[in-house]
Amino acid sequence: MIKKGMIATLVSILMFALVGCGGSTEKTATTEKKITVVTDAAFAPFEYMDKGEIVGFDVDLLKAVMEEAGLEYELKNIGWDPLFAAIQGKTADMAVSGITINDDRKKTYDFSIPYFESTHMILVKEGSSIKSAKDLQGKVVGVQNGTTGQTAVEKILGKENPNIKKFENTVVAIMDLLNGGVEAVVTDNAVANEYVKNNPDAKIVAFEDPEHFESEFYGFMFPKGSELKQKVDEALKKVIENGTYTEIYKKWFGTEPNIESLQQ
Ligand code: ARG
């Protein structure tokens, strides 16, 4: 005779066989959605195209941070103005593009902790009469549209000044300087220095003006309220503390980073 207890045992053995061997119900789904990261890859040494690939300091740092955070991502080169639209419209999850953290942008976007200190530089042709930011007055000055370089020049020349020529990216602004379309270009110091270093025959010089150009900091940018920010901040902190940041910095700039300036 089959007893109730035996049936219960049989049932539980059967259940074990079904569930235990099938295996799938025990595992939690690990397939998180790939994160879309957007950039404007015309800003060497931070992000630029090399043999069809996006490379640069930002690209290496992004890789290290996402690895540390255990996040899968895809980096897309969509351009500067579209990048802001994509983050605001949430068609992208994150942007890395030498983006300066400032109060104006913080109204619309969230930022990571700072990862790079920058200031502006003026690029001119050798022998130019422009020797300081003040000398930009009355001159045609090129900037990348919608950058802090534009804001810095507007402070000197006035906001609606038609002498401020706005370009879609920094590369075309510098090309216009070479062609004589503008007399100066104002852009981020590391980018200005990189251009001069890589183009010794272009006869372009770069100089700073600490009286007129303040220091600013780059951060990764997210849609407002993004949950990614915290994960990225934690990973970025680790990457800075464990020496990976220093390695990447040395690879691209050949010098030691000033980590303390980032942590203020
Ligand atoms: N740091 C400046 C800004 O945030 C310029 C950044 C431009 N970056 C680029 N990939 N084009 O406005």
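The values are calculated or read from the model by the stated rules, or taken from the named source; none is laboratory data. Since we're looking at a predicted model, the values are computed, not measured. Cβ: placed from backbone, ideal geometry, glycine included. Neighbour counts: every protein chain shown. These area figures cover heavy atoms from the full protein model, side chains too; ligands, DNA and RNA do not enter into them. Shrake-Rupley method; radii C 1.70, N 1.55, O 1.52, S 1.80 Å.
Values as computed for the structure displayed
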quantity: First in segment 38-59 and closer than 14 Å to Glu194 by Cβ and open to solvent by 20 Å² or more (accessible area, probe 1.4 Å), second anywhere and part of a loop (DSSP other than H, G, I, E, B) and of a type in the set (D, E, K, R), Cβ under 6 Å, 6 or more apart; calculated: none
quantity: Positions within segment 215-263 being under 28 Å from Ala86 (Cα atoms), open to solvent by 60 Å² or more (accessible area, probe 1.4 Å) and not in a helix (DSSP H, G or I), in sequence order; calculated: Ser215, Lys224, Gly225, Glu227
quantity: Filtered residues of segment 94-107 (kept if over 18 Å from Gly79 (Cβ atoms) and either open to solvent by less than 20 Å² (accessible area, probe 1.4 Å) or not hydrophobic (A, V, I, L, M, F, W, C) (or both)); calculated: Asn102, Asp103, Asp104, Lys106, Lys107
quantity: Strands (runs of 3 or more DSSP E) within segment 95-139 that include 1 or more residues within 19 Å of Glu227 (Cβ to Cβ) and in contact (Cβ under 8 Å) with a residue 24 or more places away in the chain; calculated: 109-111
quantity: Residue check, Ile101 farther than 21 Å from Glu53 by Cβ, of a type in the set (Val, Ile, Thr) and within 11 Å of the ligand (Cβ to nearest atom); calculated: yes
quantity: Test: residue in segment 126-143 that is within 23 Å of Tyr195 (Cβ to Cβ), under 14 Å from the mean Cα position of the chain (by Cα) and open to solvent by less than 40 Å² (accessible area, probe 1.4 Å); calculated: no
quantity: Segment 161-201, residues that are acidic (Asp, Glu), open to solvent by 20 Å² or more (accessible area, probe 1.4 Å) and either in contact (Cβ under 8 Å) with a residue 60 or more places away in the chain or in contact with a helix residue (DSSP H, G or I) (Cβ under 9 Å, 6 or more places away or on another chain) (or both); calculated: Glu168, Glu183, Glu194
quantity: Among (1) at pLDDT below 95; (2) under 26 Å from Pro257 (Cα atoms) - the single one Ser24 does not satisfy; calculated: (2)
quantity: Yes/no for Ile156 being of a type in the set (Val, Ile, Thr), open to solvent by less than 30 Å² (accessible area, probe 1.4 Å) and either assigned to a helix (DSSP H, G or I) or within 10 Å of the ligand (Cβ to nearest atom) (or both); calculated: yes
quantity: Only one of Glu227, Glu216 that is in contact with a strand residue (DSSP E or B) (Cβ under 9 Å, 6 or more places away or on another chain) and acidic (Asp, Glu); calculated: Glu216
quantity: Failed item in (1) open to solvent by 90 Å² or more (accessible area, probe 1.4 Å); (2) of a type in the set (A, V, I, L, M, F, W, C); (3) away from the ligand (no atom under 16 Å from the Cβ), with Ile204 passing the rest; calculated: (1)
quantity: Filter pass, Leu71 being assigned to a loop (DSSP other than H, G, I, E, B), open to solvent by less than 100 Å² (accessible area, probe 1.4 Å) and modelled with pLDDT of 95 or more; calculated: yes
quantity: Selection from segment 83-93 of residues that are away from the ligand (no atom under 11 Å from the Cβ) and either surrounded by fewer than 17 Cβ atoms within 10 Å (Cβ to Cβ) or within 12 Å of the chain's Cα centre (by Cα) (or both); calculated: Ala85, Gln88, Gly89, Lys90, Thr91
